[in-house]
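The values are calculated or read from the model by the stated rules, or taken from the named source; none is laboratory data. Predicted model, so just to flag it, every value in this text is computed and none were measured. Counting neighbours? That spans all protein chains shown, and the Cβs are built from the backbone with ideal geometry, glycine included. Please note that ligands, DNA and RNA were not included when accessible areas were found on the heavy atoms of the full protein model with its side chains. Shrake-Rupley method; radii C 1.70, N 1.55, O 1.52, S 1.80 Å.
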Amino acid sequence: MFSSRERFKEIRAAAPSGAARKKHPGKAVLAGGFAGGLEILCTFPTEYVKTQLQLDSKAVTPRYAGIGDCIKKTFQSHGFFGFYRGLSSLLYGSIPKASVRFMGYETLRNKMVDKDGKLTQTRTVLCGLGAGVMEAIVIVCPMETVKVKFIHDQNQPNPKYKGFFHGVKEIVKQEGIRGTYQGLTATILKQGSNQAIRFFVFNNLKSSFQGGDNSKEIGIARTFLCGGIAGAASVFGNTPLDVVKTRMQGLDRHLYRNTLHCAQEVLKHDGVKGFYKGTVPRLGRVVFDVAFVFTIYEQTMKLLDYVWKTD
């Protein structure tokens with residue numbers, strides 16, 4: 001009987017030498033969802049702090065002096081679980097978000113690879129961009145809108161949202177379905193650029209470790225490193241879009257006519273630095289987030305290749 005290690009070698013050997021195998025979209029859905037669910041449980045507190053700082057920057061009298069002050073006051077007012085306010089909206093959305101992202105990427109990649117199973121640089125960007133736009137429209141925009149409203153609501157004298165389903169019900173009741181799609185343009189721009197940058201950087205770094213043989217395994221540590229660098233690149237590349245998106249989804253969204261007007265207001269009142277509000281906590285979350293997700297995704301895909309033959 002073959003050992004697990006021998007089985008994995010058998011799977012890899014089935015692919016043409018030097019070529020990356022096409023990945024089944026169904027496996028991408030399962031692997032992406034599993035990775036997304038685990039990731040959000042580990043990183044949500046930093047997402048909470050980042051969102052608080054971005055929303056606080058436009059207040060007449062800011063509540064927080066910085067990251068440390070935000071953490072201190074949140075813990076004093078709400079305890080440890082205060083950092084998980086709004087988690088339900090992300091947890092319910094993170095699993096399908098990652099599933100849609102990787103399914104979209106693998107579907108596009110399977111259609112764009114050449115006969116050797118390789119993607120050009122331009123096509124790699126397009127696959128990532130397409131995956132980001134898909135997840136933005138289907139999952140991210142409504143999920144992020146609810147999350148931001150939950151976190152913003154906590155700062156009000158009399159919070160009105162009692163939980164995820166109650167919050168969604170109230171938002172839809174007062175604003176209709178459109179109320180969960182605030183900041184759609186900014187979200188599409190953010191998620192599209194996010195995934196274009198991440199997949200481009202990750203695949204190029206991974207390729208450099210593989211030395212031209214796209215079927216070569218690079219190991220967990222190197223995969224984690226590639227993912228972390230890809231995450232950092234996306235933070236510095238599109239945090240301004242993330243700031244605008246957050247403003248467009250907050251309870252004060254009515255102050256902005258559209259995405260462009262929101263960006264103009266940020267520049268007018270906060271200057272260029274305003275577009276990078278919350279960069280440090282976002283960097284801390286995203287670097288680990290992307291590294292974790294890519295690593296878990298790749299390892300889960302290997303397991304699925306072992307238990308689910310699709311070739």
*Please work out how much length the chain gains when fully extended from Asp270 to Arg63, using 0.36 nm per residue of separation minus the C-alpha to C-alpha distance, in nm with one decimal.*
72.9 nm
*Using the heavy atoms of the protein chains and a 1.4 angstrom probe, tell me the accessible area per residue for the stretch 150-241 in square angstrom.*
47
*Peptide ranges 31-39, 121-129, 210-218 listed from the most packed, as the mean C-beta count within 10 angstrom indicates*: 31-39, 121-129, 210-218
*Just from its helices, what would the mean residue ellipticity at 222 nm be for the chain, if runs of 4 or more DSSP H residues each count -39500 (n - 2.57) and the sum is divided by every residue, rounded to the nearest 500 deg cm²/dmol?*
-24000 deg cm²/dmol
_For peptides 285-298, 249-262, 153-166, sequence by mean Cβ density within 10 Å, most packed first_ = 285-298, 249-262, 153-166
*Any idea how far apart Val307 and Asn110 come out in nm if each label point goes 7 Å out from Cα toward Cβ?*
2.0
*Expressed as a whole percentage, what fraction of the accessible surface of the stretch 185-311 belongs to carbon and sulfur atoms when a 1.4 Å probe is rolled over the protein heavy atoms?*
63
_Give me a comma-separated list of calculated 3J(HN,Hα) values for the stretch 259-269, in order, Karplus coefficients 6.51, -1.76, 1.60 applied at θ = phi - 60°, integers in Hz, x for any Gly or Pro._
4, 5, 4, 4, 4, 5, 5, 4, 5, 5, 8
*Peptides ranked, highest mean first, by Cβ atoms within 10 Å: ranges 141-147, 198-204*: 141-147, 198-204
*Along the stretch 109-126, what does the Karplus equation 6.51 cos²θ - 1.76 cosθ + 1.60 (θ = phi - 60°) give for ³J(HN,Hα), rounded to whole Hz, x for Gly and Pro?*
4, 4, 7, 9, 5, 7, 5, 8, x, 10, 10, 6, 4, 4, 5, 4, 4, 5
*Per 10 Å bin, what percent of the C-alpha pairs of the stretch 153-307 does each bin hold, from zero upward?*
10, 29, 28, 21, 11, 2
_Principal-axis tilt of helix 164-175 within the chain, Cα atoms, nearest 10 degrees_ = 60
_Label zone at Asp252, where the point sits 7 Å out along the Cα-to-Cβ direction: the stretch 136-157 residues whose backbone N lies under 20 Å_ = 145-157
*Lys190: which aspartates and glutamates have alpha carbons under 13 Å from its alpha carbon, excluding same-chain residues fewer than 8 sequence positions away?*
Glu135, Glu144, Asp242
*Work out, step by step, the length gained on full extension between Glu217 and Leu41: first 0.36 nm times the residue separation, then minus their alpha carbon distance; give nm to one decimal.*
60.6 nm
*asked:* If I build a Gaussian network model for the chain, linking alpha-carbon pairs within less than 10 angstrom, which residue out of Leu225, Leu267, Leu55 has the largest mean-square fluctuation?
replied: Leu267
*Would you calculate the volume per residue, in Å³, of the smallest convex hull containing every Cα atom of the chain?*
141
*asked:* So if the hydrodynamic radius of the stretch 238-311 is defined as the Kirkwood radius over C-alpha pairs, what does Stokes-Einstein give as its diffusion coefficient at 20 °C and 1.002 mPa s, in µm² per second?
replied: 143
_Proximal lysines to Lys73, defined as alpha-carbon separation beneath 29 angstrom and excluding residues fewer than eight positions away on the same chain_ = Lys50, Lys58, Lys147, Lys149, Lys160, Lys162, Lys245, Lys268, Lys273, Lys277
